[in-house]
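The values are calculated or read from the model by the stated rules, or taken from the named source; none is laboratory data. In this text, all values refer to a predicted model and were calculated from it rather than measured experimentally. Methodologically, a virtual Cβ is constructed for each residue, glycine included, from the backbone with ideal geometry; neighbour enumeration extends over all protein chains shown.
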Amino acid sequence: MEQVKLLSMTVVLTALVWASADSLVNETVTIDVSFEILPPRDTPHMLLAPEGDATLCELEISGPRKAVEAAQAQAPLHLRLRIADRPTGASLIHLDRDDVRRALSELSKEFRKLTVSAVQPDSLQIQIDHRIEREVTVVAKRLALAYDREPQFQRVTATVQMRESFFNTLPLNQPLQSEIGPEIERLLDEQPAGESVTVSVTLDARSFGLGAVITPATVDVTATVQARRVTTQIPTVPILLAMSFANLERPLQPVTRDGTPLSLVTQTITVTGLREVVARLQRGETRAYGVIQLKQEDLDALDVIKLVTPDYFLPEGVELALEGVPIEFKLIYFSKNGPGS
């Protein structure tokens, strides 16, 4: 029994010695790591972007065999490093071995036993940017529609959040503007003309670079677009009485019911059409007139009161909005000695 006890104690002591020796043996190896460079916790507006594969490095680490083997088993490792705020632009980040060791120890308690003896390469090239906020003016240019009431904005300013690197490319002292004219007219084109309407227009942030955001995202615009078609009255439209060529030599004359010569007849007519076409008619650039075509039966029935609605000749794009008013007249013979002789 004594020999068995002695043998058992020898085995246990041997195991303890080997375990102790194993823990005291340091190994040095090289492992692959990738770095994620982070901004300070209190600087969320700072943006970081590595150049290409610049975050891939090799670490030379030393430590107990067990910790080294654990690091090798999990390689490549992903380490997170926070840096201080820096100006926008390219920046060279030095990889301090103590900072790398702290990042390594955050991955596992076992890694706290490791030391970092070398980092290759020992620096990273990083592009640094910042989100900044600026005020923009909401404007409407290139308006093509005609308005009874010009577009009125609910607000004339907004806030844009953009990258500082993009802002630095803009001309100095140039006011920032958000142009919404085309979008206004696209929306108004779908609304009834001649009525006051309000449309919600989206502010487009794309003109302020990648990732830009405008607050608020929309602005309400109220406007009244001129109706494309209008209805109006045209005064003093001449009315002509016409006979066929075969009857032009007959001494006939139209007169009123009481026999007064009907020498010049005009009417006020109501027309409708495209606004610009009607406007030319109102200005006298085009003409409108009515014609009463006398037929043979009219010429044969003299001294008989007639009530005839003229046929109207209007510019292309214009039409009668209301039916014309009939004209009352009668035909009599006219001679050198006077009417009816």
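Collect the residues in the range 147-171 that are aliphatic (A, V, I, L, M) and closer than 21 Å to V197 by Cα, keeping them in residue-number order. Scanning the range 147-171 gives a single hit, V156.
Checking every residue in the range 143-157 against the condition of being without any contact (Cβ under 8 Å) to a residue 24 or more places away in the chain and under 17 Å from the mean Cα position of the chain (by Cα) gives at least one match. Of the residues P310, P251, the single one that is more than 30 Å from A146 (Cα to Cα) and modelled with pLDDT of 90 or more is P310. Can you find a residue in the range 191-213 that is part of a strand (DSSP E or B) and within 30 Å of A90 (Cβ to Cβ)? The answer is yes, given that some residue of the range 191-213 is part of a strand (DSSP E or B) and within 30 Å of A90 (Cβ to Cβ). Among the residues of the range 76-95, those identified as over 39 Å from the mean Cα position of the chain (by Cα) and surrounded by 14 or more Cβ atoms within 10 Å (Cβ to Cβ) are L77, L79, L81, I93, L95.
Of the set (1) farther than 25 Å from N168 by Cα; (2) surrounded by 16 or more Cβ atoms within 10 Å (Cβ to Cβ); (3) of a type outside the set (D, E, K, R), all apply to S108 but (2). One residue stands out among those in the range 254-285 that are of a type in the set (K, R) and surrounded by 11 or more Cβ atoms within 10 Å (Cβ to Cβ): the one that is farthest from L145 (Cα to Cα), which is R280.
Give me a count of the residues in the range 182-196 that are crowded, with 16+ Cβ neighbours inside 10 Å and of a type outside the set (D, E). Break it down stepwise before answering.
Here is the first cut: in the range 182-196, the ones crowded, with 16+ Cβ neighbours inside 10 Å are 183-185, 187-188, 193.
Subsequent filtering for residues that are of a type outside the set (D, E) retains 184, 187-188, 193.
The number of residues fulfilling the criteria is 4.
Taking the range 297-323 as the range and being exposed (fewer than 15 other Cβ atoms within 10 Å of the Cβ) and without any contact (Cβ under 8 Å) to a residue 40 or more places away in the chain as the test, the residues that pass are E297, D300, A301, D303, V304, L307, T309, D311, F313, E316, E323. Would you please name the residue that is modelled with the lowest pLDDT, looking only at residues in the range 37-62 that are more than 15 Å from S91 (Cα to Cα) and either outside any loop (DSSP other than H, G, I, E, B) or of a type in the set (S, T, N, Q) (or both)? Selected residue: L56.
Sort through T88, T28, T115, T55 and tell me the only one that's among the polar types (S, T, N, Q) and in contact with a Leu (Cβ under 7 Å, 6 or more places away or on another chain).
Values: T88 fails: in contact with a Leu (Cβ under 7 Å, 6 or more places away or on another chain); T28 fails: in contact with a Leu (Cβ under 7 Å, 6 or more places away or on another chain); T115 fails: in contact with a Leu (Cβ under 7 Å, 6 or more places away or on another chain).
On inspection, the qualifying residue turns out to be T55.
Just a yes or no: is a residue in the range 86-93 in a strand (DSSP E or B), in contact (Cβ under 8 Å) with a residue 40 or more places away in the chain and under 30 Å from R131 (Cβ atoms)? Yes, the range 86-93 contains a residue that is in a strand (DSSP E or B), in contact (Cβ under 8 Å) with a residue 40 or more places away in the chain and under 30 Å from R131 (Cβ atoms). No other residue among S165, S178, S196 is within 10 Å of the chain's Cα centre (by Cα) and touching a residue at least 40 places away in the same chain (Cβ under 8 Å) apart from S178. Checking each residue in the range 146-181 for being surrounded by 15 or more Cβ atoms within 10 Å (Cβ to Cβ) and outside any strand (DSSP E or B) picks out E164, S165, F166, F167, L176, I180, G181. Considering each residue of the range 266-285 in turn, none proves to be over 27 Å from T231 (Cβ atoms), touching a Ser or Thr at 6+ places or on another chain (Cβ under 9 Å) and among the polar types (S, T, N, Q).
Residues checked against (1) touching a His at 6+ places or on another chain (Cβ under 7 Å); (2) closer than 28 Å to H45 by Cα; (3) not basic (K, R):
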| position | (1), (2), (3) |
| --- | --- |
| I83 | no, yes, yes |
| A90 | no, yes, yes |
| L95 | no, yes, yes |
| D98 | no, yes, yes |
| R102 | no, yes, no |
| L107 | no, yes, yes |
| T115 | no, no, yes |
| A118 | no, no, yes |
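Comparison of I239, I292 shows that the only residue that is in contact (Cβ under 8 Å) with a residue 12 or more places away in the chain, β-branched (V, I, T), closer than 12 Å to F329 by Cα and surrounded by 11 or more Cβ atoms within 10 Å (Cβ to Cβ) is I292.
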